[in-house]
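S.K.: Here it is, the structure in full.
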Amino acid sequence: MSIRFIKDTQQFVINTKNTTYAFAIHRDRYLCHTYYGKRVRSAALPEKRLKMYSFAPYIAEYGEKESPDIFMQECSFYGSGDFRANSLRLCSADGTGVTDFVYSSYRIFKGRRELDGLPAGRADEHTQTLEITMTDSVSGCKLMLYYTVFAENDIISRYMVIENLGEHSVRIDKCMPLTLDLPRSDLDMISLYGRHNHEVNLQRVPLHHGVQSVGSRRGATSHQYNPFIALCDSKATEEKGEAYGFNFVYSGSFLDEVEVDQTNGTRVLIGLGSECFSYTLGVGESFCSPEAVMTYSANGIGQMSRNFHGFIRNNIMPPVSLEPHPVVLNTWEACYFRINEEILLDFAREAKKTGFDMLVMDDGWFGKRNNDRAGLGDWFENREKFPDGLASFVKKVKAEGIKFGIWVEPEMVNPDSDLYRAHPEWALRVEGREPLRSRHQFVLDMANDEVVEYLMEMFDKTFEGIDIDYFKWDMNRHMSNVGSSVLAPERQGEAHFRYMKGVYKLLSWFGKRFPNAVIETCSGGGGRYDIGMMQYGIQIWTSDNTNPYDRTYIQASAMMGYPAATMSCHVSDPHGDLKSLDYRYKVALGGMLGYELNILKMSDEIKETIARQIAEYKSFDSLARLGDYHSLALPTKYGYSAYYYVNADRSEILLSVIEKKDCKKGSTKLLKIREAIADAIYTDKRSGKQYSGETLRRGISVELSGEPDSATLMYLQREI
Ligand code: GLA
């Protein structure tokens with residue numbers, strides 16, 4: 001059993017493979033966190049912290065050592081004596097927002113509770129859930145805190161459900177389903193920041209007193225701040241030290257807050273925040289929050305990352321993503337909007353000859369879509385470009401013996417579209433205010449069921465009977481003027497959350513309606529690179545930036561929280577340069593390989609090289625997709641990037657060393673492949689050289705050339 005209640009000490013103890021998490025019921029009322037770390041016996045769990053601090057309010061009967069402001073809490077409530085950033089603020093009939101739930105009961109069960117229309121970790125045979133019920137006699141509400149345990153990957157998820165059993169409506173004003181209080185603050189915080197084209201830059205800074213946060217008010221998790229954060233020992237490395245990782249299984253506006261308080265404790269909160277979220281619960285109604293996840297590693301940052309990698313692969317991504325992902329030729333950087341049947345059939349023919357699995361027709365195939373000023377919303381083929389229609393075109397592509405993928409951006413509408421002309425009220429907007437444009441487009445109101453239904457009908461009709469293998473689902477602007485024509489004024493705060501539920505509904509519908517197709521999600525590259533989206537797609541277009549130098553940074557940082565199987569990595573035009581092609585290929589091997597170049601303008605030599613690359617990739621693609629990732633040198637720190645993937649029985653290793661643009665010539669790096677089996681012999685299938693496992697573990701020397709576009713790849717296989 002991973003979850004137990006110990007009566008004597010009134011403690012709940014959650015064990016995963018390598019970790020223990022514990023908290024105690026105190027005074028039949030509070031839930032005091034006691035421990036999160038390396039797996040320990042229950043007897044070794046620390047006591048609750050009861051200490052006196054002045055200016056810390058308490059219930060008279062319990063005395064001044066017992067303030068909610070000092071307790072490490074499992075869920076902290078606004079206005080009831082805990083002055084730190086709080087987890088829940090509920091405004092009930094008294095209008096004060098003062099919230100105070102009291103422990104009532106618990107239940108432990110196998111599996112998990114489904115989340116109401118939201119993505120969540122899929123239960124496996126080991127999954128268990130602890131449900132804690134708390135009540136508030138003033139508002140009449142019931143609060144359920146859930147701890148769902150994915151023991152194999154050391155993941156614990158947290159989500160909450162609030163039921164209004166009172167006599168009046170209540171409004172949730174802040175909702176942070178994950179709260180973790182740690183009795184220490186000597187930690188670094190790792191986060192991923194960026195912008196369009198430069199996503200997921202790694203930032204690692206020491207915690208300081210006060211609140212430090214990342215979040216999004218953009219209606220998408222965003223390129224600017226990713227919801228993944230980690231806390232680690234200030235000296236933690238890939239292999240040593242403690243690390244705690246956190247993430248949110250959600251794709252919209254969010255808030256990650258970390259507060260260092262007066263006791264030198266640290267509180268972590270992950271959730272919907274309060275700025276872009278409020279939710280009214282009528283009498284008898286209930287609200288289910290999205291799920292947040294956390295993990296702990298006693299063996300360095302690398303193990304923390306691998307915990308997330310395993311969880312996302314096995315419990316989040318569609319099972320089909322465990323199988324080989326298609327190597328695609330995407331038309332975007334090759335053609336932009338200049339596509340038509342004739343050009344694309346030539347693409348299909350050449351792509352097939354070169355060994356591609358699939359042709360992906362990107363933007364430009366529908367409505368009046370000749371540039372980005374028109375057409376979004378009009379999801380029917382452009383007859384000037386496809387005179388015989390989409391169905392006939394796709395048939396011809398398929399006749400070339402290649403699969404077919406197509407680009408869609410369902411959540412958006414151009415003002416210059418039939419859809420917008422017919423239904424301007426279907427775009428998010430605020431009466432009397434000029435709606436802002438971004439990439440010449442508006443955002444459809446996905447909180448409006450009618451819009452979601454309409455999109456289903458339209459796509460149903462357009463793709464009826466067409467054998468589509470793959471959708472690239474894009475989202476190319478953030479939400480401003482967020483107002484929904486179907487929500488009453490007092491419910492407008494629900495628009496962000498309801499929007500996301502509408503998107504998830506449509507994504508699920510796509511999955512069911514087109515069961516043979518897979519989805520790659522995208523948001524101007526990595527604008528929705530999050531665990532929420534990972535549930536629906538086999539991979540995410542990591543960034544619009546395909547420059548291999550920049551990609552080296554982006555991919556290395558993304559691996560901090562996400563597995564390589566989620567990263568769609570394309571080789572873009574090497575401008576006829578074979579060395580550059582080789583370099584771009586080796587960079588793209590960090591994730592799922594694809595290409596985005598004009599195959600009709602390539603020399604035979606380039607095409608033959610690409611064919612060889614694809615064939616080679618297919619010989620070892622399972623390593624990046626399913627293997628364990630070990631980072632040896634982060635490009636943010638060194639003049640090069642080095643990492644390897646290793647399979648479960650350690651019989652295959654893919655080692656990659658990517659030199660950066662400004663790498664120093666001649667320096668030799670010792671790369672320790674500690675996962676190699678000591679007494680085995682490995683052969684590098686690329687060079688034919690043999691190494692003993694012990695040599696690999698002690699380190700092999702790789703000399704950096706200092707030349708532009710240099711990268712070393714070794715595919716090591718164990719000799720039987
Ligand atoms: C976004 C995507 C690109 C491409 C364009 C098409 O920017 O990230 O890959 O699909 O849209 O407009």
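S.K.: Kindly indicate the residue of segment 241-286 that is among the charged types (D, E, K, R) and within 27 Å of R184 (Cβ to Cβ) and also nearest to the chain's Cα centre (by Cα) among those meeting that condition.
M.R.: Ranking the candidates gives D256 first.
S.K.: Just the residues that are assigned to a loop (DSSP other than H, G, I, E, B), over 30 Å from the mean Cα position of the chain (by Cα) and over 12 Å from L344 (Cα atoms), please, taken from segment 374-401.
M.R.: Within segment 374-401, F380, N382, R383, E384, P387, D388, G401 qualify.
S.K.: List the residue pairs whose Cβ atoms are under 8 Å apart, where the first residue sits in segment 6-19 and is open to solvent by 20 Å² or more (accessible area, probe 1.4 Å), the second is modelled with pLDDT of 95 or more and among the aliphatic types (A, V, I, L, M), and the two are 6 or more positions apart or on different chains.
M.R.: I6/V13; T9/A24; Q10/A24; Q10/I25; K17/A151; N18/A298
S.K.: Also, quick follow-up: Which of (1) part of a strand (DSSP E or B); (2) open to solvent by 10 Å² or more (accessible area, probe 1.4 Å) does C276 not meet, given it meets every other one?
M.R.: Checking C276 against (1) part of a strand (DSSP E or B); (2) open to solvent by 10 Å² or more (accessible area, probe 1.4 Å), the one that fails is (1).
Residues checked against (1) in a helix (DSSP H, G or I); (2) within 16 Å of the ligand (Cβ to nearest atom); (3) not hydrophobic (A, V, I, L, M, F, W, C):
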site	(1), (2), (3)
S480	no, no, yes
G483	no, no, yes
E494	yes, no, yes
K501	yes, no, yes
N516	no, no, yes
M533	yes, yes, no
Y549	yes, no, yes
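S.K.: From E239, E257, which residue is farther than 23 Å from I70 by Cβ, open to solvent by 10 Å² or more (accessible area, probe 1.4 Å) and not small (G, A, S)?
M.R.: Only one candidate passes the filter, namely E239.
S.K.: Which condition does M176 not pass, out of (1) out of contact with any Cys (no Cβ under 6 Å at 6 or more places or on another chain); (2) open to solvent by 10 Å² or more (accessible area, probe 1.4 Å), if it passes all the others?
M.R.: (2)
S.K.: Pairs needed: first member in segment 342-371, of a type in the set (S, T, Y); second member anywhere, within 16 Å of the ligand (Cβ to nearest atom); C-beta distance under 9 Å; at least 6 residues apart or different chains.
M.R.: T354/L329; T354/Y595
S.K.: Moving on to the next point. Among Y53, Y35, Y62, which is the only one that is assigned to a strand (DSSP E or B) and open to solvent by 40 Å² or more (accessible area, probe 1.4 Å)?
M.R.: Every option except Y35 fails the conditions.
S.K.: Considering only segment 579-625, how many residues are among the hydroxyl-bearing types (S, T, Y) and either within 16 Å of the ligand (Cβ to nearest atom) or surrounded by 20 or more Cβ atoms within 10 Å (Cβ to Cβ) (or both)?
M.R.: 3
S.K.: Might you let me know whether segment 387-410 holds any residue that is within 16 Å of the ligand (Cβ to nearest atom) and among the aliphatic types (A, V, I, L, M)?
M.R.: Yes, there is a match, as at least one residue in segment 387-410 is within 16 Å of the ligand (Cβ to nearest atom) and among the aliphatic types (A, V, I, L, M).
S.K.: Going by the conditions given, is S251 among the small types (G, A, S) and open to solvent by 30 Å² or more (accessible area, probe 1.4 Å)? Break it down into steps so the answer makes sense when it comes.
M.R.: Values: among the small types (G, A, S): yes; open to solvent by 30 Å² or more (accessible area, probe 1.4 Å): no.
So S251 does not fit the description; no.
S.K.: Considering only residues that are farther than 22 Å from S438 by Cα and among the β-branched types (V, I, T), which ones fall in segment 476-516?
M.R.: Across segment 476-516, the qualifying residue is only V486.
S.K.: Has segment 125-134 got any residue that is hydroxyl-bearing (S, T, Y), under 17 Å from E163 (Cβ atoms), more than 30 Å from the chain's Cα centre (by Cα) and open to solvent by less than 30 Å² (accessible area, probe 1.4 Å)?
M.R.: No, every residue in segment 125-134 fails to be hydroxyl-bearing (S, T, Y), under 17 Å from E163 (Cβ atoms), more than 30 Å from the chain's Cα centre (by Cα) and open to solvent by less than 30 Å² (accessible area, probe 1.4 Å).
S.K.: If you take the residues in segment 494-520 that are closer than 13 Å to G405 by Cβ and within 16 Å of the chain's Cα centre (by Cα), which one is surrounded by the fewest Cβ atoms within 10 Å (Cβ to Cβ)?
M.R.: Per the stated criteria, the residue is I519.
S.K.: Read through the list (1) in a loop (DSSP other than H, G, I, E, B); (2) crowded, with 19+ Cβ neighbours inside 10 Å, then give the number of the only condition that I540 fails.
M.R.: (1)
S.K.: I'd like to verify a number: residues in segment 336-385 that are among the hydroxyl-bearing types (S, T, Y) and within 13 Å of the ligand (Cβ to nearest atom), how many?
M.R.: 1
S.K.: So V430 passes all but one of these: (1) part of a helix (DSSP H, G or I); (2) away from the ligand (no atom under 16 Å from the Cβ). Which condition number does it fail?
M.R.: So V430 meets the others, but not (1).
S.K.: Starting from segment 379-405, keep only residues that are on the phi > 0 side of the Ramachandran plot, then list their pairs with residues that are assigned to a helix (DSSP H, G or I) and surrounded by 14 or more Cβ atoms within 10 Å (Cβ to Cβ) whose Cβ atoms are within a distance under 6 Å, requiring at least 6 positions of separation or different chains.
M.R.: G401/K352
S.K.: Report, ordered by the first and then the second residue, all pairs with beta carbons closer than 7 Å, sequence separation of six or more or different chains, a first member in segment 264-277 that is modelled with pLDDT of 95 or more and among the β-branched types (V, I, T), and a second member that is open to solvent by 10 Å² or more (accessible area, probe 1.4 Å) and in a loop (DSSP other than H, G, I, E, B).
M.R.: Pairs that qualify, where the first residue is modelled with pLDDT of 95 or more and among the β-branched types (V, I, T) and the partner is open to solvent by 10 Å² or more (accessible area, probe 1.4 Å) and in a loop (DSSP other than H, G, I, E, B), are T266/R184; T266/S185; T266/L207.
S.K.: Take segment 73-88 and flag every residue that is open to solvent by less than 20 Å² (accessible area, probe 1.4 Å), farther than 9 Å from M176 by Cα and in a loop (DSSP other than H, G, I, E, B).
M.R.: Matches in segment 73-88: E74, S76, G81, D82, R84, A85.
S.K.: Does M458 satisfy being more than 16 Å from the ligand (Cβ to nearest atom), within 27 Å of N516 (Cβ to Cβ) and of a type outside the set (D, E)?
M.R.: Taking the combined requirement at face value, the residue satisfies it.
S.K.: Which one is surrounded by the most Cβ atoms within 10 Å (Cβ to Cβ) among residues in segment 559-578 that are hydrophobic (A, V, I, L, M, F, W, C) and farther than 21 Å from T636 by Cα?
M.R.: Result: V571.
The values are calculated or read from the model by the stated rules, or taken from the named source; none is laboratory data. The structure presented is a predicted model; accordingly, all values stated were derived computationally and were not measured. Virtual Cβ from ideal backbone geometry, glycine too; neighbours counted across all protein chains shown. Each accessible area value is taken on the protein alone, full model and side chains, heavy atoms only, with ligands, DNA and RNA left out. Shrake-Rupley method; radii C 1.70, N 1.55, O 1.52, S 1.80 Å.
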